[in-house]
Amino acid sequence: MNANQPDRYVVGVDFGTLSGRAVVVRVRDGAELGAAVHEYAHGVIDVELPGGVRLGPDWALQAPGDWIDVLRVAVPKALAVAGVPASDVIGIGTDFTACTVLPATADGTPLCEAYPDRPHAWPKLWKHHAAQPHADRINALAARRGESWLPRYGGKISAEWEFAKGLQLLEEDPELYHLAERWIEAADWIIWRLIGVETRNICTAGYKGVYQDGRYPGDGFLAELNPAFAGFTAKLGHDPAPLGGLAGRLTAEAAEWTRLPEGIAVAVGNVDAHVTAAAADAVRPGQMVAIMGTSTCHVMPSDRLAEVPGMCGVVRDGIVPGLWGYEAGQSGVGDIFAWFADTCVPAAYTERADALGVSVHEHLTSLAERQAVGAHGLVALDWHNGNRSVLVDHDLSGVIVGQTLATRPEDVYRALIEATAFGARVIVETFEASGVPVEEFIVAGGLLKNRFLMQVYADVLRRPLSAIGSDQGPALGSAIHAAVAAGAYPSIVEAAAAMGKRTPGAYLPDPARADAYDRLYAEYRRLHDHFADGAMLHRLRAIRNEATA
């Protein structure tokens, strides 16, 4: 960077589960000068379509128009807040939840625009888990055939990913499947809308599209699942683009939406979790970033390739070019706490929270943190939204053991917080047992605001927690990628060093509490391993599905 040049700026846009946010960032130092959030009008579509058609269990959809509204509303507002002239903006980068995938025509038109009353025409959100039976079949066949790509995903692919959701589309609405000329991640679809040209990124292709060593699973494998599934990969695109690369230039239409200059650089699409590594300046081997929000995604670069049971995947260049990128995750974290606060807390607690001028979450936290470790007598499994790692089974469900007539809401709330920390410890231990060391554990995401929760994680993990220095990790990471795409820095590593932010050792473990948590963690592992085969939990889910069909 030339210190004598006028300041230049980039925009990062993060498309989340319930809203999208934009941030304006100064290129030379990563200073965040203005941000704006736009809530999706449709949110998560999980009960019925906008036209009233009911959805089945475990469905979760979104509306593409909501994403375009983020570009129309949040980007101009962030520019106004920042007070930055649009003419000084040199690039824009975006990130998305994943796997959030949609069927479209060859020109990128979502099928839900022509078929609004057919559920399979809509984008399937990452937390759409109704394709679990299809994932089970894919995994069983891949294991039986000895498919070489399967170990790269810890032995199982997820119901959340492109192939399971694509097979569900074929078998439940074959007409729409054949009308879908493209099966495209929202991360790539939004770039298409910005530059007018279809591109695919290596991150979603690798982690969600089973793209390994330059190819997708072969037609012979796909045909054995269903003869009509052969040729599915033609819908996925080929030759994915590298992260930090220039996808193209902003079109006149997209410039009108965003109020940004036509022709500025648009970075290759990315995933919210993976792009956050740059925002935390955590792009070196052994730096695991846990992006904690509704769910948690764990990403880590490494200079070694290993098979880690139950990981979401290992992809060459999947986080930064030149390194292997590992991913693991927990399907429910913040969502679990929200479920409990919304459905299981007596009115008296809500009234007390209102009187204190705090949220129910803050009230429960203040009560829970007064307890000694283990005082509630509970242990829980954090599987309320299934298990992403290390069991890769979204038909699993939550378990709470040890409740008595004396159990209070704050007891359960604390046990659920601890359960998610125990789940994170299982992931870290599995990586290290597989020969992939975790040198630093870095926390990002909305749950970073809960200091008690962070301390529980430090105590359970028995290691210091570093903290990202931004409330807008994914959006900042996207802005960093935009700076690279615009040519302001030669690589993501150099851009992250200049623009990323983190505080090492922000939370330190307490030895006495850590010892006490070791005893509870041992009970968690016993419970975890007992229910890991899913037999009882699967039967209960089948009974529920039959009763609600």
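The values are calculated or read from the model by the stated rules, or taken from the named source; none is laboratory data. These numbers were taken from a predicted model, which means no experiment stands behind them. When we count neighbours, we look across all protein chains shown, and the Cβ atoms used for this are built from the backbone with ideal geometry, even at glycine. Please note that ligands, DNA and RNA were not included when accessible areas were found on the heavy atoms of the full protein model with its side chains. Shrake-Rupley method; radii C 1.70, N 1.55, O 1.52, S 1.80 Å.
Miscellaneous remarks
- Take the chain with all the other protein chains still there, run a 1.4 Å probe, and you get 36 Å² of accessible area per residue.
- Accessible area of segment 435-512 belonging to carbon and sulfur atoms, whole % at 1.4 Å probe: 52
- Once the chain from Glu494 to Arg54 is taken as fully extended at 0.36 nm per residue, the excess over their C-alpha distance is 153.5 nm.
- Per-selection Rg to Rh, segment 1-140 - Cα, Kirkwood hydrodynamic radius: 1.10
- Given R0 = 51 Å, the distance between the Cβ atoms of Asn545 and Ser148 translates into a calculated FRET efficiency of 0.90.
- Top positive-direction residue, dipole computed over segment 321-444 with Cβ charges, set Phe441, Pro321, Ala415: Ala415
- FRET E, pair Ala41, His178, Förster distance 30 Å, beta-carbon r, rounded to 0.05: 0.50
- Point-charge dipole on Cβ atoms (K/R +1, D/E -1) for the chain, about Cα centre, debye to 20: 680
- Taking the DSSP beta bridges with both ends in segment 1-118, the antiparallel portion is around 70 percent.
- Close amide H partners of Thr503, meaning residues 5 or more places away or on another chain with modelled amide H under 5 Å apart, are Ala467, Ile468, Gly469.
- Spacing of the modelled spin labels on Asp342 and His538, each 7 Å from Cα toward Cβ, amounts to 2.9 nm.
- When nucleic acids and ligands are ignored and a 1.4 Å probe is applied, Tyr517 ends up with an accessible area of around 0 Å².
- Local charge for Ser331 was computed over the other residues whose Cβ lies under 12 Å away, with Lys and Arg +1 and Asp and Glu -1, and equals -4.
- Near Phe221, once Lys and Arg are set to +1 and Asp and Glu to -1 for all other residues with Cβ below 10 Å from its Cβ, the sum equals -2.
- Segment Asp88-Leu33, extension gain: residue separation times 0.36 nm, minus the distance between their alpha carbons: 18.5 nm
- Accessible-area composition of segment 270-364, carbon plus sulfur, in percent [1.4 Å probe]: 53
- Simple rule: put +1 on each Lys or Arg Cβ and -1 on each Asp or Glu Cβ in the chain, find the dipole, and look at Leu356, Pro240, Ile45; the Cα lying farthest toward the positive end is Leu356.
- The chain - Rg over Rh from alpha carbon coordinates, Kirkwood radius: 0.95
- Beta bridges assigned by DSSP with both partners in the chain are antiparallel in approximately 70 percent of cases.
- Rounded if a/c under 1.5, otherwise prolate or oblate - segment 76-185, Cα gyration tensor axes: oblate
- Sorted from longest to shortest, the spans of the Cα atoms of segment 253-373 along the three principal axes equal 54, 47, 23 Å.
- Alpha-carbon centroids, segment 108-177 and segment 234-271: separation in whole Å: 26
- Tensor-based shape of segment 151-303 (alpha-carbon gyration tensor, a/c under 1.5 rounded, otherwise prolate or oblate): oblate
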